[in-house]
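Just so it is clear, none of the values below were taken in a lab; they were calculated from the coordinates. Remember, it's a predicted structure, so these values are computed and weren't measured experimentally. Don't worry about glycine lacking a Cβ; one is built from the backbone with ideal geometry, like all the others, and counts go over all protein chains shown.
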Amino acid sequence: REVLDQFDVPGKAWGFVHRTQWETEEHQFQLGADARRLEGATHERFRDLGEGFTRERYAGGEQILAGLVAMDRWQGETWLLESNARLDLYRNENGQRRSHALADGQVLQDQAFPGRESVEPALRLGASRPFQSFTWHNALFTGTRLPTLNETYRPFRVGNDITIANEKLDPERIYGAETGMHWKLDDEHRLRASIFYNR
């Protein structure tokens, strides 16, 4: 038995990326900016009780992402130090979820969600040092994953599993550390081992 008929799923995205890089004797710098605008929606028929679909739903919205990034790579006599900083602004807007009965057109759900925005920083610090037979590498980092339009606005069902969209989802954040060794055995063989902790 069919459980879903997505008969129209329009989506649109545009954006840009710009990077500028320059070097000095010991440093390699990079500055950049990027932005994306996403629009997505689904028109779908659902709730088949045995004689065809009984309901129709529209769900969708828009998402704006903009970021600034700066990087410095410093090569000293023994250590290579890298720092990467990023600042992201994201905004969800024009989110909607509507559904109606196919038999008589009765409106079952009609929701419009207010816009939400957040500023999310991310940072990565790395340090590595070569020795005679191996390189020791280390990193501390933070990061962010933004909720998708589907996670925010579109409920869906697969078999008996129903996933409800949540327009109040916050970005996921990660904090981590890593250390490890990198051996170059010969020109064709390398071995790398790392220990990491992510929260």
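Length, then width, then depth: along the principal axes, the Cα atoms of the range 1-106 run 75, 26, 16 Å.
Over the range 61-199, with a single point scatterer placed on each C-alpha, what log10 of the ratio I(q)/I(0) does the Debye formula yield at q = 0.12, 0.14, 0.18 1/Å? The Debye formula, applied to the Cα set alone, gives -0.71, -0.83, -1.05.
Stretching residue 100 away from residue 3 to a fully extended chain increases their span by 33.3 nm, per 0.36 nm per residue minus the current alpha-carbon distance. What the phi angles of the range 45-58 give under the Karplus curve with 6.51, -1.76 and 1.60, with θ = phi - 60°, is a coupling list of 9, 8, 6, 8, 9, x, 10, x, 5, 10, 9, 10, 9, 10 Hz, glycine and proline written as x. Across the range 147-164, computed HN-Hα scalar couplings (Karplus, 6.51 cos²θ - 1.76 cosθ + 1.60, θ = phi - 60°) run x, 7, 4, 4, 4, 7, 10, 10, x, 8, 9, 10, x, 8, 8, 10, 10, 8 Hz from first to last residue, x flagging Gly and Pro.
Full extension of the chain between residue 109 and residue 135 gives 3.4 nm of extra length, using 0.36 nm per residue less the Cα-Cα distance. Which whole number in µm²/s is D for the range 98-178 by Stokes-Einstein, with the Kirkwood Rh taken over Cα pairs at 4 °C and 1.567 mPa s? Result for D is 75 µm²/s. A simple spin-label model places pseudo-atoms 7 Å from Cα toward Cβ; at residue 35 and residue 162 they are separated by 4.0 nm. Packing-based ranking of 40-52, 103-115 yields 40-52, 103-115, ordered from highest to lowest mean Cβ neighbour count within 10 Å. For residue 165, the residues 5 or more places off, or on other chains, whose built amide H falls under 5 Å of its own are 156.
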